[in-house]
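One structure is given below, encoded as structure tokens.
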Amino acid sequence: MYSYIIIDDETLIRRGTEKKLAALSDQIYCAGTAADGKSGIALIKEKHPDIIILDMQMPVMDGTQLLPYLSGNYPEIPLIVISGYRDFDYVSHAIKAQAVDYILKPFSREDIQKAVKNAIGKLEDAHSYKELLSSEEQAEHNYYQYDIKMLQNLIMGYHTGDISISSKRLSFINDTHDLFLLTLHFSVPVDKADMDIFIEENGFGDLGLYLAHQSEADLGFIVLFIPENSPLSLRKLALQAAEDLEIWMSGHNTVVTLGISNIHHNLSELHNAFLETSSALNSQLLSERGFRCYFYSGQIRQTFIAWDKQDEFLFRIEAGMNDETARLTDELFHYYTTVDGCTLADVKYHCFQLGSQCRLIMNNYLSMSSDSENSASMQNVVSRIFSLEELETYYRQFFLNIADMLRPQSVYAIDDTIEKIRIYIDRNYQKNLTQEFISCLFYLNRSYLSHLFKEKTGQKFVDYLNSIRISKAKELLRSSDRKMYQISKAVGYDNVKYFFRIFKKFEGVTPEQYRNSSK
């Protein structure tokens, strides 16, 4: 019978995990629990468990510190990692530690039981493996499997140690051949076994290698080796492989999109090759459908995206309006498809800019000390998405999560509509604010807005807006050496002459005269 321990700072999670695994009591038992990584290490030394179940977020020593220690000191113990966040950094730590499973809280009885059964299977395989007589063939097999794991990590940039090929098979090819990478995005996941058959049946043999992505079922990679100084061009070889793949995929109920790298000289360059294929895949036009292959060109062509509902979108998020945020996200992704020449890279860039503005809004309410880390994690997740539909799903949830967090503490969580409008003007005076836009934003008739605003504030809407802008302009005139057109733009006036006229109306002097007198 096998034993396991649980390392998690939440008492309910530890008890719940034990209860969910009670059905496997004929195969496994709990040898103990710990509330943090440091206590967990002491428990491991005492109990010598066969399996370790651990959380990522814990006090004293969390999973990001504990996993490297376990993989370095107890590489034979299967690790099951649990976490409340689908975070790239946590996933990458789990992959580097060669965890057998990574599951998200809240997890079901079936999830944890499946993970434990998988771990037991690994243990039994390992025991059977040790019973085999060592042989040169078996050693080569082991080296080859190790190399495959290393290459999978290397492609995604997870591998941090020395890059050395252990198996004779790959070592010989690596020393005598160049290579290029094909990154495959499947509309429907494809089994690795099927792709291995494709490599074999299409005559690639040892010169073709399929690597499955370790966590994304819709991504895969083909490494094709070619003799050094081959007379055949990369484009010709790649197009032939792409044509063979298109025919093969037609019988597997999936559409594949390919990104093709430049030629590289050895396997240590696989991550750079992946970045090239990612750039190629991101160059796909949204208007294109069906089987497509893209070559890396090194050129970045950007289409300017000007969405006229961006200000409304940011307001709905800040106000915590979920339904409106979801509706506008749908409109945004439909809008992308109407922009001529819009590529997946353009969408990613525009969404990233929107995300950055959302984080700036969040900084006004929440402590975001690790904002740069969150941003990097988000970029890493998005970098592995190569379809508009998946991108929409990801960002839809991202924007809704922010709206959820801001709703209870938003400055707009008050009943007085005019006060909401004043707050919005005070925070967004530099934008192109009109009565039409504000009335739409707050679901008011334009005429009624004008009447209600004057009644509540004693000022016309336009006079209140101008008073805020002129007040901000005075601050800039006193505290900076900016030129007049820069100050005019900064406070919301595109026309400098109009700015001068409004300023003199309010202050009785021109902006230059005001600056000179304030000095």
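The values are calculated or read from the model by the stated rules, or taken from the named source; none is laboratory data. Small disclaimer: the values here were computed from a predicted structure and weren't measured. Because the Cβ atoms are built from the backbone with ideal geometry, glycine has one as well, and the counts that use them run over all protein chains shown. These accessible areas exclude ligands, DNA and RNA; they are computed on the full protein's heavy atoms, side chains included. Shrake-Rupley method; radii C 1.70, N 1.55, O 1.52, S 1.80 Å.
Residues in segment 413-454 that are free of Cβ contacts under 8 Å to residues at least 60 places away in the same chain, open to solvent by less than 60 Å² (accessible area, probe 1.4 Å) and among the hydroxyl-bearing types (Ser, Thr, Tyr): 4 in all. Based on what the data block shows, is ILE5 buried (at least 17 other Cβ atoms within 10 Å of the Cβ), in contact with a Cys (Cβ under 9 Å, 6 or more places away or on another chain), of a type outside the set (Lys, Arg) and within 16 Å of PRO78 (Cα to Cα)? For ILE5, the condition - buried (at least 17 other Cβ atoms within 10 Å of the Cβ), in contact with a Cys (Cβ under 9 Å, 6 or more places away or on another chain), of a type outside the set (Lys, Arg) and within 16 Å of PRO78 (Cα to Cα) - is met. On the basis of being open to solvent by 20 Å² or more (accessible area, probe 1.4 Å) and part of a loop (DSSP other than H, G, I, E, B), does HIS252 make the cut? For HIS252, the condition - open to solvent by 20 Å² or more (accessible area, probe 1.4 Å) and part of a loop (DSSP other than H, G, I, E, B) - is met.
Among the residues of segment 255-273, those identified as part of a helix (DSSP H, G or I) and either crowded, with 22+ Cβ neighbours inside 10 Å or of a type in the set (Val, Ile, Thr) (or both) are LEU267, LEU270, ALA273.
Taking each residue of segment 455-482 that is touching a residue at least 24 places away in the same chain (Cβ under 8 Å) and closer than 14 Å to PHE500 by Cα and looking for partners that are surrounded by 13 or more Cβ atoms within 10 Å (Cβ to Cβ) and among the charged types (D, E, K, R) with beta-carbon atoms closer than 9 Å, six or more apart or interchain, yields ILE470/GLU507; LYS474/GLU507; LEU477/ARG515. Applying the condition of being in contact (Cβ under 8 Å) with a residue 60 or more places away in the chain and among the aliphatic types (A, V, I, L, M) to segment 185-208 and asking which residue is most open to solvent (accessible area, probe 1.4 Å) yields VAL188. Applying the criterion of being open to solvent by 20 Å² or more (accessible area, probe 1.4 Å) and touching a residue at least 12 places away in the same chain (Cβ under 8 Å) to the residues of segment 308-318, the residue that is farthest from ASN428 (Cα to Cα) is LYS309. Per the listing LEU170, LEU151, LEU182, the residue uniquely assigned to a strand (DSSP E or B) and either open to solvent by less than 10 Å² (accessible area, probe 1.4 Å) or in contact with a strand residue (DSSP E or B) (Cβ under 8 Å, 6 or more places away or on another chain) (or both) is LEU182.
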